Amino acid sequence: MSPVSGESGLTAAADLTGADFASPRAYMPASMSRHSPRTQARAAARLAAVQALYQHEMEGTAVPQLLHEFHNHRLGATIEDVEYADADVDFFDDLVNGTAARLGEIDRAIEEKLATGWTLTRLDKPMKAILRAGTYELLARADVPVGATISEYVDVAHAFYDKRESGFVNGLLDAIAKQVRSA
């Protein structure tokens with residue numbers, strides 16, 4: 001059974017629990033190297049927002065403290081020989097603040113699109129952070145095209161997961177987009 005309701009093309013994702021947040025590939029999604037500096041800065045903001053949301057859930061770090069930490073110690077910094085890309089700070093702040101503020105609505109939107117028997121608790125925390133940030137962007141950032149949003153979060157998923165999980169992100173965000181961005 002697929003974890004996305006109505007998406008028969010996806011395989012079961014019983015192991016959507018194995019993200020490696022320490023993986024070097026996690027710091028540079030493919031989209032960051034093939035686009036304009038503005039697009040690269042937004043891609044870096046998305047990746048950083050996912051990491052911040054993950055930290056928020058894992059450690060319970062308050063959002064203002066997270067923003068301060070990322071602004072002063074992570075965005076554009078070099079940590080343990082890993083260079084973090086410069087991010088669009090305003091976009092990063094909106095993703096983190098907006099996702100945290102609308103978490104209940106976001107989680108309901110995600111759970112509505114999961115297959116019967118699937119809940120957010122079955123997904124690991126990195127996957128939840130990716131889906132939550134992507135869902136927030138679909139709900140609140142009409143200035144960003146749906147295709148761009150989905151593609152960017154698929155790229156973020158590629159930074160942490162293999163193809164199957166990236167396909168899961170694609171299918172779930174596409175299903176949410178069809179509901180929340182329908183004209």
- [ ] Could you please find all residues in segment 112-160 being among the polar types (S, T, N, Q) and closer than 19 Å to residue 58 by Cα?
- [x] 119, 121
Task: Residue check for residue 109: surrounded by fewer than 19 Cβ atoms within 10 Å (Cβ to Cβ) and either closer than 19 Å to residue 56 by Cβ or over 12 Å from the mean Cα position of the chain (by Cα) (or both) - done: no
Task: Complete set of residues in segment 67-109 that are at pLDDT below 85, in contact with a helix residue (DSSP H, G or I) (Cβ under 9 Å, 6 or more places away or on another chain) and either hydroxyl-bearing (Ser, Thr, Tyr) or assigned to a helix (DSSP H, G or I) (or both) - done: 84
- [ ] Spot the failing condition for residue 25; the list is (1) surrounded by fewer than 16 Cβ atoms within 10 Å (Cβ to Cβ); (2) at pLDDT 75 or above; (3) touching a His at 6+ places or on another chain (Cβ under 9 Å); (4) not β-branched (Val, Ile, Thr), and only one is missed.
- [x] (2)
Open item on the list: Looking at 132, 181, 74, 141 in this structure, which one is crowded, with 22+ Cβ neighbours inside 10 Å and of a type in the set (Lys, Arg)?
Closed with: 132
Task: So residue 121, is it farther than 22 Å from residue 42 by Cβ and part of a loop (DSSP other than H, G, I, E, B) - done: no
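Matching residues to (1) charged (D, E, K, R); (2) closer than 20 Å to residue 41 by Cβ; (3) not in a loop (DSSP other than H, G, I, E, B):
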site: 144; (1), (2), (3): no, yes, no
site: 147; (1), (2), (3): no, yes, yes
site: 150; (1), (2), (3): no, yes, yes
site: 153; (1), (2), (3): no, yes, yes
site: 157; (1), (2), (3): no, yes, yes
site: 165; (1), (2), (3): yes, no, yes
site: 170; (1), (2), (3): no, no, yes
site: 175; (1), (2), (3): no, no, yes
site: 178; (1), (2), (3): yes, no, yes
Open item on the list: Residue under question is residue 45, and the condition is that it be buried (at least 19 other Cβ atoms within 10 Å of the Cβ), in contact with an Asp or Glu (Cβ under 8 Å, 6 or more places away or on another chain), modelled with pLDDT of 90 or more and in a helix (DSSP H, G or I); does it hold?
Closed with: yes
- [ ] Evaluate the following for residue 56: is it surrounded by 13 or more Cβ atoms within 10 Å (Cβ to Cβ), over 17 Å from residue 85 (Cα atoms), at pLDDT 50 or above and of a type outside the set (Ser, Thr, Tyr)?
- [x] yes
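The values are calculated or read from the model by the stated rules, or taken from the named source; none is laboratory data. Everything numeric in this text was worked out from a predicted model, so none of it was measured. Neighbour counts run over all protein chains shown; Cβ positions are idealised from the backbone, glycine included.
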